[in-house]
Amino acid sequence: AALSRSVFFDRFRQEVGMPPMGYLQSWRMALAKSLLRRQDGGIKEIAQRVGYGSASAFSTAFARLVGMPPTEYARQVSEATA
């Protein structure tokens, strides 16, 4: 991009409305929620697919951003569609 880190972050925030890492986290969680809804793998596999090195780190981040652990989210979604 031929920009300094700070200029890139400022321009990204102006265009997207959030910092790059916030956007990345939101995108990862949206993808994880989709995978959980489709029951497309276990927590460890989903964690790896969305870029987390461990299921524990993924579960912590998911709970912080979504408001519940991924296992609870998957359970609620499956009950709602049953």
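The values are calculated or read from the model by the stated rules, or taken from the named source; none is laboratory data. Since the model is a prediction, treat every value here as computed from it, not as a measurement. Quick reminder, even Gly has a Cβ in these numbers, built from the backbone with ideal geometry, and neighbours come from all protein chains shown. Accessible surface areas use protein heavy atoms only, side chains included; no ligands, DNA or RNA. Shrake-Rupley method; radii C 1.70, N 1.55, O 1.52, S 1.80 Å.
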Looking at VAL50 and the list (1) surrounded by 13 or more Cβ atoms within 10 Å (Cβ to Cβ); (2) out of contact with any helix residue (DSSP H, G or I) (no Cβ under 9 Å at 6 or more places or on another chain); (3) of a type in the set (A, V, I, L, M), which single condition is not satisfied?
(2)
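Here is a list: GLY42, GLY17. Which entry is open to solvent by less than 80 Å² (accessible area, probe 1.4 Å), modelled with pLDDT of 95 or more and over 13 Å from the mean Cα position of the chain (by Cα)? Please lay out each step first, then the result.
Values: GLY42 fails: modelled with pLDDT of 95 or more.
None of the others qualify; the one that does is GLY17.
Do the conditions hold for ARG37, that is, is it in contact (Cβ under 8 Å) with a residue 40 or more places away in the chain, open to solvent by 60 Å² or more (accessible area, probe 1.4 Å) and more than 11 Å from the chain's Cα centre (by Cα)? I'd like the intermediate steps shown before the answer.
Numbers: in contact (Cβ under 8 Å) with a residue 40 or more places away in the chain: yes; open to solvent by 60 Å² or more (accessible area, probe 1.4 Å): yes; more than 11 Å from the chain's Cα centre (by Cα): yes.
So ARG37 passes the test.
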One residue is enough: does region 55-62 have a residue meeting the conditions hydroxyl-bearing (Ser, Thr, Tyr), open to solvent by less than 80 Å² (accessible area, probe 1.4 Å), touching a residue at least 40 places away in the same chain (Cβ under 8 Å) and in a helix (DSSP H, G or I)?
no
Taking only pairs six or more apart or across chains, which ones have beta-carbon atoms under 9 Å, a first residue in region 1-24 that is closer than 23 Å to ALA61 by Cβ and free of Cβ contacts under 8 Å to residues at least 24 places away in the same chain, and a second residue that is open to solvent by 90 Å² or more (accessible area, probe 1.4 Å) and among the aromatic types (Phe, Trp, Tyr)?
PHE12/TYR23; VAL16/TYR23; GLY17/TYR23
